[in-house]
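What follows is one structure encoded as structure tokens, with my remarks underneath.
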Amino acid sequence: QVQLVESGGGLVQPGGSLRLSCAASGSIFGSSRMVWSRQDEGKERDLLASITQGGSTYYADVMKGRFTTSRNTAKNTVYPQMNSLQPENTAVYCCHADQPVLRYWGQGTHVAVSS
């Protein structure tokens, strides 16, 4: 049973913006800190940001200032907004739901930044 689904990836030109989304089942969303990360082929995973159930956010330095995330409780969805994208930002972007003893992963959505 799929419980997290990311969408919104695709091809974007350098300097462009993209808004992703991660929809979770209600039972997971309401009890989880939602976390975004990315991984490009052959590279380590980068933590990007997280947002708690209460809406508190954390942004890692890797994309700070160009990555923001919001949370829509009514839709059980988190929305990262990425701006000023560059080719080095090409990766599979994933969300996961963190609970005290469990972690749920989505399948990821690929973002390619190229002219």
Estimated dipole of the chain in Debye, rounded to 20 [Cβ of Lys and Arg +1, of Asp and Glu -1, Cα centre]:
340
Kirkwood Rh and Cα-based Rg: tell me the resulting Rg over Rh for the chain, rounded to two decimals.
0.95
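Given Cα pairs under 8 Å that are at least 6 residues apart, what percent is the relative contact order of the chain?
Working: 285 pairs, mean separation 41.7, N = 115.
Answer for the chain is 36 percent.
Please report the orientation-averaged projected area of segment 1-49, defined via the convex hull of its C-alpha atoms, in nm².
Averaged projected hull area, Cα only: 4.9 nm².
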With θ set to phi - 60°, apply the Karplus curve 6.51 cos²θ - 1.76 cosθ + 1.60 along segment 12-18 and write out the HN-Hα couplings as whole Hz, x wherever there is a Gly or Pro.
9, 7, x, x, x, 10, 8
Among 11, 102, 20, which one moves the most in a GNM of the chain with springs linking Cα atoms closer than 10 Å?
102
Evaluated over segment 51-115, the Cα radius of gyration and Dmax, each in Å:
13.2, 42
Leaving out ligands and nucleic acids, note down the accessible area per residue over the chain with a 1.4 angstrom probe, in whole Å².
52
Given the options 65, 42, 26, state which has the largest fluctuation in a GNM of the chain using a 10 Å cut-off (strictly under) for Cα springs.
42
Percent of accessible area on the chain owned by carbon and sulfur, 1.4 Å probe?
48
Within the set of other residues whose C-beta is less than 15 Å from the C-beta of residue 96, count the net charge using Lys and Arg as +1 and Asp and Glu as -1.
+2
Residue 19 accessible area, 1.4 Å probe, all protein chains in place, Å² to nearest 10:
140
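The values are calculated or read from the model by the stated rules, or taken from the named source; none is laboratory data. Every value quoted in this text rests on a predicted model; they were computed, and no experiment measured them. Here the Cβ is made from the backbone with ideal geometry for all residues, glycine too, and neighbour counts use every protein chain on show. Please note that ligands, DNA and RNA were not included when accessible areas were found on the heavy atoms of the full protein model with its side chains. Shrake-Rupley method; radii C 1.70, N 1.55, O 1.52, S 1.80 Å.
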